[in-house]
Amino acid sequence: MLLKIDSVTKKFGGLTAVSEVSLEIEEGTVIGLIGPNGSGKTTLFNCINGTLPITSGKIVFNGTDISKMKSHQIAKLGIARSYQIVQPFGNMTTLQNAMVGAFCRLNDYEQAQCVAMEALSLVNLSHKKDFVAKHLNLGERKKLEIAKALSTQPKLLLLDEVMAGLTTSEVFEMVKIVQSINESGITLIIIEHIMEAIMSISKRIVVLNFGKKIMEGTPIEVSSSEEVIEAYFGVEVEAENA
């Protein structure tokens, strides 16, 4: 088991953002994490990678308890993530941006450059390696965000809405990129609101609502669940013969 999340809770004062969530992630899989806005998805990501300390529960990654570790320590163990709002180093080149991630593990410039180029190639951005990042369009910045994370050489990659705001063709390309990343041996957990995309690439889907896990299953099981539909649309699904 690559990642085990055991009854993790995260509270902000009197607000419980994540409530006793448990997950087991096998190595090599792709897990979709869905739910309405404010359901606790990004907060759970922040707990996994150490951006936020958990209130209670336990997180074990690759046999190591990371529950109280800092984010930089967790990154070196092999967990990387992207963020919803892309923030490249605007005055640096695409390659230099990706190299920032590589220096998580490496001290040698040429080695870091090589790792960064491999990451850029995986996201179809190597041809823009010398472009200044502030001149990239949104789709390219999304790719760069992933490349920066890939350059840390992770075992587990957390992707937070990397398809939001993209055109239909860009979404299709991103799906292919995600599949290629997984085929390279990296396990993924993906937050996404584009249902057609997340259902096509995920082996299993986990659904959060009001901070709680309300369902886990195959894409077919989740997409046909009345509880999931109600959580998204706020209405009860009428019985078939009603």
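A short reminder: the numbers here are calculations on the coordinates, not readings from a lab. Being a predicted model, the structure only gives us computed values, none of them experimental. In this analysis, Cβ positions are derived from the backbone assuming ideal geometry, glycine residues included, and neighbour counts consider all displayed protein chains.
Brief remarks follow.
- Chain lengthening between Ile229 and Leu15 when straightened (0.36 nm per residue, less Cα-Cα): 74.6 nm
- Centre-to-centre, using Cα atoms only, the range 188-216 and the range 131-176 are separated by 19 Å.
- Estimated from helices alone, the mean residue ellipticity of the chain at 222 nm is -10500 deg cm²/dmol (sum of -39500 (n - 2.57) over DSSP H runs with n ≥ 4, per residue).
- Extended-chain gain in nm, criterion 0.36 nm per residue less alpha-carbon gap, Met195 and Ser56: 46.9 nm
- Based on C-alpha pairs under 8 angstrom that are at least 6 apart in sequence, the range 81-141 has a relative contact order of 46 percent.
- Projecting the Cα atoms of Pro219, Cys47, Gln73 onto the dipole axis of the chain, where Lys and Arg carry +1 and Asp and Glu carry -1 at the beta carbon, places Gln73 farthest toward the positive end.
- Amide proton proximity set for Thr55, modelled H, under 5 Å, gap of 5+: Thr9, Lys10, Lys11
- Compactness of the range 71-173 was expressed as the Cα radius of gyration divided by 2.2 N^0.38 Å, which yields 1.00.
- In order along the range 102-107, the Karplus-derived 3J(HN,Hα) couplings, from 6.51 cos²θ - 1.76 cosθ + 1.60 at θ = phi - 60°, round to 4, 6, 4, 10, 10, 10 Hz, and Gly and Pro are given as x.
- In this structure the amide hydrogen of Gly32, modeled in the peptide plane, comes within under 5 Å of the amide hydrogens of Ile190, Lys203, Arg204, Ile205, Val206, none closer than 5 places in sequence on its chain.
- DSSP-defined antiparallel bridges as percent of all bridges, the range 63-219, nearest 5: 45 percent
- Under 14 Å from a label point set 7 Å out along the Cα-to-Cβ vector of His72, no amide N atom of the range 29-44 is found.
- Extension gain (nm, one decimal) between Glu110 and Phe131, 0.36 nm per residue minus Cα-Cα: 5.7 nm
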